[in-house]
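Every number in this text was worked out from the coordinates using simple rules, so none of it is lab data. Source: prediction; values computed, not measured. Here the Cβ positions follow ideal geometry from the backbone for every residue, glycine too, while neighbour counts run over all protein chains shown.
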Amino acid sequence: MDNPSLPSIIPALAGRRILLGVSGSIAGYKAVDLASRLTQAGALVDVVLTESARRFVSALTFSSVTGRRTFTDDDLWGPDSHILHVGLGREAELLVVAPATAHTMAKLAAGQGDGLLCLAALSSHAPLVLAPAMDAGMFEHPATQANLTTLRQRGAVIVGPVEGRMASGLVGLGRMVEPVDLVGHIRRALGQGRSLAGRRVVVTAGGTFEPIDPVRIIANRSSGKQGFALAQAALDRGAEVTLITGPTTLPTPVGAERFDVETADEMRREVEERLDRTDVLLMAAAVADFRAQASSQDKIKRSAGAIDLHLEPTADILGMVAERRRRSGGPKVVVGFAAESSDLILRARQKVKAKGLDLIVANDITAPDAGFAVDTNRVTFVDSSEGVQALPLMSKADVAEAVLDRVEAILRQ
Ligand code: CTP
């Protein structure tokens, strides 16, 4: 059986044709990891190596991870040469050059057609993503910077380089970005013009923290993983995504605008401020329901013995959204989340009504493989007409896709 917690097919990459050009740099080893990640996510990755790249990494290495033929300049003069360079460029939905050396970028900027990679790039109309890797001095050189400006003006996305130790032993701005980050940029580029293009999606994620004193808090257990997966899935579909999150160490999905908040009140403010400009609100955050009536400025001393802590409810953010929608309109689609320990469907139905939601994503937090911190979730959808759909155990990424399928269906109504 498939293990839903293992990295799996990414719908935004599945079946997509990606041409990966590799030029001559020691960072070529990272391109192998990139090719592997893209392939495991379901992409069809054609790799073209420049002559100098072949000195660092072999065609066999790439073919071994992509399961496809790897191309080199030898193929330029082979029997298929008349169609190869045009075919590779035309069939690609995205061209990524990683690592991109100063030399290869100079040729791409000048539109030179020597070598299979440059020829394929010239015949391609696909978006171009470049991940420069070189010595920091070479990167800073006005010639390199002018080439980058030219490429950027033509629409290329330049990712990195980042600061760090380079092959020369020097430390500076010249290291290729990590493959995991590059995958995010590739997803972003491939998401342009997809099914949620032009839609503004606000996602709340994580749990809020309500202070008791300067060191203690009331918090909800939440890793933020489901909310972040929703933000990523919306980006993959071309949406403009704002992520409002409680404290978490999760990395921001590439392309999302992120606002970090601590308390329910801060989250309410951030959501409220954007309501008029929001098409879809996905309220995945585990907002603390109670806060201390008065938080202490000073650390409460243990020696004081037992204390009385008076709690008051926090502002109901979805309640405020429902009120706004009744009065003056607001997001076209609002999705709530409910973590329940009993009477899942009954309570979900009540919350859909009480909070004026289009859909609620309910999960039973007593199940060991669903809920907090784990990568999987088992959810049930309840919609505004009380329709119930129970989904099997899934990765949180797949739950996010299922939520967005429902959101798109509501938007189409
Ligand atoms: N929520 C909110 N504002 C709050 C608390 C929760 O907007 N102050 C949102 C959550 O983000 C979630 C939904 O309401 O999308 C349901 O949260 P939940 O805590 O299950 O609902 P409550 O109304 O607080 O009900 P309960 O008494 O079960 O805690």
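Worth a mention:
- Distance from the alpha carbon centroid of region 386-413 to that of region 44-90 works out to 40 angstrom.
- The packing ranking, built from the mean of other Cβ atoms within 10 Å per residue, places the peptides 196-209, 254-267 in the order 196-209, 254-267, highest first.
- The chain - share of DSSP beta bridges that are antiparallel (%, nearest 5): 30 percent
- Shape box of region 38-104 [Cα atoms, principal axes, largest first, Å]: 32, 25, 23
- In terms of packing, defined here as the mean over residues of other Cβ atoms within 10 angstrom, the peptides 385-392, 397-404 line up highest first as 397-404, 385-392.
- Considering only Arg326, Arg68, Arg90, the Gaussian network model of the chain with Cα springs below 10 Å gives its largest mean-square fluctuation to Arg326.
- In order along region 97-106, the Karplus-derived 3J(HN,Hα) couplings, from 6.51 cos²θ - 1.76 cosθ + 1.60 at θ = phi - 60°, round to 10, 8, x, 9, 7, 4, 5, 5, 5, 5 Hz, and Gly and Pro are given as x.
- Fluctuation leader among Pro331, Pro214, Pro161 - the chain, Gaussian network, Cα springs under 10 angstrom: Pro214
- The chain: calculated mean residue ellipticity at 222 nm from DSSP helix runs of at least 4, using -39500 (n - 2.57): -10500 deg cm²/dmol
- Other residues with beta-carbon under 12 Å from the beta-carbon of Asp405 carry, at +1 per Lys or Arg and -1 per Asp or Glu, a net charge of 0.
- Spatial separation of Cα centroids for region 94-129 and region 147-186, in angstrom: 15 Å
- Our coupling estimate for region 302-316, obtained by passing each phi through the Karplus curve with A = 6.51, B = -1.76, C = 1.60 and θ = phi - 60°, is 4, 5, 6, x, 4, 10, 9, 10, 8, 10, 10, x, 7, 5, 7 Hz, Gly and Pro reported as x.
- Cα-based helix-to-principal-axis angle, 344-354 vs the chain, degrees rounded to 10: 80 degrees
- Proximal charge balance of Leu108 [Cβ under 12 Å; K/R count +1, D/E count -1]: +2
- Order of Leu116, Leu393, Leu49 under a 10 Å beta carbon neighbour criterion, fewest first: Leu393, Leu116, Leu49
- Straight-distance candidates among the lysines for linking to Lys353, with alpha-carbon spacing under 20 Å and chain neighbours fewer than 8 residues away dropped: Lys332.
- Helix 225-236 vs. the chain, principal-axis angle (Cα, 0 to 90°, nearest 10): 50 degrees
- Taking amide H as placed 1.01 Å from N in the peptide plane, Phe290 has its amide H under 5 Å from the amide H of Thr314, each at least 5 places away in sequence or on another chain.
- Nonlocal amide H pairs with Arg199, under 5 Å, H built at 1.01 Å: Glu240
- Long pairs among Lys299/Lys351; Lys225/Lys301; Lys225/Lys355; Lys301/Lys351; Lys301/Lys355; Lys299/Lys396, criterion Cα-Cα beyond 30 Å: Lys299/Lys351; Lys225/Lys301; Lys301/Lys351; Lys301/Lys355; Lys299/Lys396
- Extension gain for Arg90 to Gln40 (0.36 nm times residue separation, less C-alpha to C-alpha distance): 15.7 nm.
- Length gained on full extension, Val388 to Glu257: 43.9 nm, using 0.36 nm per residue less the C-alpha separation.
- Net lengthening on full extension, His125/Glu266 (0.36 nm per residue, minus Cα-Cα): 46.3 nm
- Exposure proxy order (Cβ contacts within 10 Å, fewest to most) of His103, His185, His85, His141: His141, His103, His185, His85
- A convex hull fitted to the Cα coordinates of the chain yields 187 cubic angstrom per residue.
- Summed side-chain charge close to Phe228 - residues other than Phe228 whose Cβ falls under 12 Å, Lys, Arg +1, Asp, Glu -1: +2
- Scanning residues 5 or more positions from Phe71 or on other chains, those with amide H under 5 Å from its amide H are Val47, Val48, Leu49, with H placed 1.01 Å from N in the peptide plane.
- Karplus 3J(HN,Hα) series, Hz, for region 134-143 with 6.51 cos²θ - 1.76 cosθ + 1.60 (x for Gly, Pro): 5, 5, 4, x, 5, 5, 6, 4, x, 5
- Residue order, fewest to most beta carbons within 10 Å, for Met138, Met105, Met176: Met138, Met105, Met176
- Taking Cα atoms only, the orientation of helix 179-191 departs from the longest principal axis of the chain by about 80 degrees.
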